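Student: I have a structure I would like to understand better, so I am pasting it below and will then ask my questions one at a time.
The values are calculated or read from the model by the stated rules, or taken from the named source; none is laboratory data. Keep in mind that this is a model prediction, so the values were computed, not measured. These accessible areas exclude ligands, DNA and RNA; they are computed on the full protein's heavy atoms, side chains included. Shrake-Rupley method; radii C 1.70, N 1.55, O 1.52, S 1.80 Å.
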Amino acid sequence: VQAAKLLGAGLATIGLAGAGVGIGTVFGALVLGTARNPSLKDELFRIAILGFALTEAIALFALMMA
């Protein structure tokens, strides 16, 4: 029974890998957007921070489930 609990907790943390990919995608898009149009840097940064916060919230939910 203890092994099943540990295995379930380990499988629940798989969501953290998805959150890492999401955060990388958000900041990768920020770099590309800034490279294409540097004058929108401040607006793009605000949107990227919002995307980071939402993605991080999903990671915290996955961590709480574990």
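Student: Compute the long axis of helix 2-12 from its Cα atoms, compare it with the longest principal axis of the Cα atoms of the chain, and write down the angle in degrees, 0 to 90, nearest 10.
Tutor: Taking the Cα atoms of the chain, the angle to 2-12 is about 10 degrees.
Student: Quote the relative contact order of the chain in percent (integer), defining contacts as alpha-carbon pairs under 8 Å separated by 6+ residues.
Tutor: Taking the mean separation of contacting Cα pairs over the length of the chain, I get 54 percent.
Student: Return the sequence-ordered ³J(HN,Hα) values of region 40-54 in whole Hz as given by the Karplus equation 6.51 cos²θ - 1.76 cosθ + 1.60 applied to θ = phi - 60°, using x for Gly and Pro.
Tutor: 9, 4, 5, 5, 5, 5, 4, 5, 5, 5, 5, x, 5, 5, 5
Student: Per-residue accessible area for T13 at 1.4 Å probe radius, Å² rounded to 10?
Tutor: Roll a 1.4 Å probe over it and T13 shows about 50 Å².
Student: Quick one: angle between helix 14-36 and the longest Cα principal axis of the chain, in degrees between 0 and 90, rounded to 10, please.
Tutor: The angle comes out near 10 degrees.
Student: If you don't mind, there's one more thing I want to ask. Roll a 1.4 angstrom probe over the protein heavy atoms and tell me the percent of accessible area of the chain that is carbon or sulfur.
Tutor: Carbon with sulfur: 75 percent of the solvent-accessible area.
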